[in-house]
Every structure is written in C-alpha cells, then in structure tokens.
1. Full-extension gain between THR179 and LEU148, please, as 0.36 nm times their residue separation minus the C-alpha to C-alpha distance.
2. What's the carbon and sulfur percent of the stretch 37-178's accessible surface, probe 1.4 angstrom, rounded to a whole number?
3. Can you bin the stretch 27-136 into rounded, prolate or oblate? Criterion: square roots of the alpha carbon gyration tensor eigenvalues sorted a ≥ b ≥ c, rounded for a/c under 1.5, prolate for a/b above b/c, oblate for the rest.
4. Using r as the Cβ-Cβ distance of VAL136 and VAL163, and R0 as 22 Å, what FRET efficiency do you calculate, to the nearest 0.05?
5. Under a crude label model (7 Å from the Cα following the beta-carbon direction), how far is THR94 from ALA52 in nanometres?
6. So between ASP87 and THR124, what do we pick up on full extension, going 0.36 nm a residue minus the alpha carbon distance?
7. Need the full-extension length gain, ASN79 to TRP171, defined as separation in residues times 0.36 nm minus the C-alpha distance. One decimal, nm.
Amino acid sequence: MAVGKGSGYNFNNSNKQSSLSIDSQFTDWYESGANQHPFKVINITYDSAGSAWLYQVVPGTLNNNVAQIDEDSVWVLLNRTAGGLPDWPVSVLTPFDATTHKCYIYLRAGVDATSGAFPGTDDTAAEYPRIICSDVELADTDTYGYVLLAVATEGTGPVCTVVQYVTGSLWGDRIKVGTDTALYFYARI
C-alpha cells in the first residue's frame, strides 16, 4: 500500500500489518472552519525573530474583486492557492499606536483615475481593494474609501486580541457631488 506519513497522522506497514496513528483530532485546514467568514482576521502569531505580529485574512470581495494584502512588500490576492490548495498570504500587523496599542485593519479601495470606476479593477494599481493597517483611525477621502474590518490590540507579552467588525464580502458605491468629499456606502453580500 502506498500511503506515507502525512500532516497529523503516521502510517506504518510492516510484517503484513498496517497501522494508522492519529496524533490529534482531524481539523479543517484553517482555524475552526464553521466559524469562518470573508474578511475575518485569523492566525495572529508573534514572530519573535522579526519582533512582529503576523496575521491572515479570510478571502473576501468588494464588488466581486478579491482583495489583496501586502506579503513581503508584494500585493497578493487573498485567495492565493498552491498546488490546488489554499495558500493564503501572511502579512505583518503594523503599526500599533504607542499609547493605545491598537492597530486598525482596513479594506481600502479607490476610484480608478482613468475610468472613474469604484473600486479600481486593475490589481496592479493602488486603487484596487487592499487590506491595510494603520495606527490611527482613517477617514474617507476623494481618492480612497476605508472600511474598518477589525481592530487588534497588543497586550502585555506576546498577547494580541482582535475585535472583528465586518463579517462578509461587501458591495460598495462611491458618490461624489461638487466639491464635497466623496461619500462611500457599503452593504454586506
């Protein structure tokens, strides 16, 4: 039989006997599959070597565009796969406010300068929907709209808690009238 060692189990085949030992319960390939939803901030871990908090975001869409996140200074689609399996990008959760110890996690999207479409659909342009972090609360501008997905708070020691605000993919509209700052409206889909 051609079964080898795998993630979470061992397989042995000797003397015409086979054994399968399971180290722990089988779980979904991501944390608690039944509790997942688009744009959920997950897998927050402290990287002591880099002195940084790392995190992932469950893939979600804005106006049917899969959002991106910065992984090692490269914007990567949240729904990245490798070998047919999910390989969600990992990003650095930074910066934290020095006083409040909070980091605000946003979905940012802009208006395409050429077509005027919102959000921008060129995934190489800054106007494309992207997950960003900030140490301050951000306000909408004529260029970008911001949706607060979650707030992470750094505690004492390697402890970080997250309060999640958005629990689904979104549909958004941008309305610009005269010289007033553009208004952005979002609905969960």
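The values are calculated or read from the model by the stated rules, or taken from the named source; none is laboratory data. What you are looking at is a predicted structure, and each value in this text was computed from that prediction instead of being measured. Note that each Cβ is placed from the backbone with ideal geometry, even for glycine, and that neighbours are counted across all protein chains shown. Each accessible area value is taken on the protein alone, full model and side chains, heavy atoms only, with ligands, DNA and RNA left out. Shrake-Rupley method; radii C 1.70, N 1.55, O 1.52, S 1.80 Å.
1. On the way: separation 31, 0.36 × 31 = 11.16 nm, distance 2.51 nm.
That pair, THR179 and LEU148, stretches by 8.7 nm at full extension.
2. Numbers: 3540 of 6780 Å².
That fraction is 52 percent.
3. On the way: a/c = 1.86, a/b = 1.20, b/c = 1.56.
Since a/c reaches 1.5 but b/c is at least a/b, the shape of the stretch 27-136 is classed as oblate.
4. Working: r = 16 Å, r/R0 = 0.75.
So the FRET efficiency works out to roughly 0.85.
5. In this crude label model, THR94 to ALA52 measures out at 0.5 nm.
6. Numbers: separation 37, 0.36 × 37 = 13.32 nm, distance 2.01 nm.
Result for the pair: 11.3 nm of gain on full extension.
7. Values: separation 92, 0.36 × 92 = 33.12 nm, distance 1.79 nm.
Between ASN79 and TRP171, full extension yields an extra 31.3 nm.
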